[in-house]
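Nothing in this text is a laboratory measurement; each read-out follows from the coordinates by a stated rule. Given the structure is predicted, the values throughout are model-derived calculations rather than measurements. Please note: Cβ atoms are built from the backbone with ideal geometry, for glycine as well, and neighbour counts cover all protein chains shown.
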Amino acid sequence: MNENVIEIVSYLVKQIMHNEDVIENEEQLVENLVSQGYEIADIDMAFELIFSSNIYDEENEVEANNHKFELTKSQRILDVRERFKLSIPVQGALLRLTNLGLISDDELEEVLEKTVHIKKKELGLKSLWNLLRKVIDEPTRLSVIIENSPEFESINSEHKQYIN
């Protein structure tokens with residue numbers, strides 16, 4: 001997943017959180033994103049990520065037919081220090097892992113707490129992976145995370161070359 005998709009997802013989530021009717025305004029949103037220089041393929045991928053996640057409440061078909069969005073659970077908002085400390089891909093990866101239920105809210109908090117104590121100016125995906133390994137003490141779940149997370153593809157490739 002590229003940085004543009006993450007930026008578009010972030011933009012769409014903000015629209016949803018401000019009670020914008022994203023389904024009804026989809027055409028206008030797409031035109032706005034295209035005018036900002038985003039490619040249609042990236043926009044489509046972002047919409048797919050949003051609608052395939054738990055943000056959209058598909059179980060309530062009556063409301064879905066009325067084109068209303070429901071937040072199925074509260075979403076953790078990063079504070080200023082965390083936003084400056086975490087790269088955009090890391091922010092997107094944390095959002096994705098949390099929404100997919102691959103990390104719990106408590107684990108997310110522990111990861112975020114550890115990030116602010118690291119002396120690096122900005123943390124990338126490799127640093128996030130190292131933190132996840134410290135916080136999650138379940139090799140099987142770590143394996144599921146790394147195998148099914150496109151963000152960690154390069155890290156996963158490194159690990160696979162040593163495994164026969």
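Volume per residue of the convex hull around the Cα atoms, evaluated for the range 80-160, comes out as 90 Å³. Near the amide H of residue 87, within less than 5 Å, lie the amide hydrogens of 123, all on another chain or at least 5 residues away, with H placed in the peptide plane. Each of residue 109 and residue 130 was given a label point 7 Å from its Cα along the Cα-to-Cβ line. The distance between the two points is 2.6 nm.
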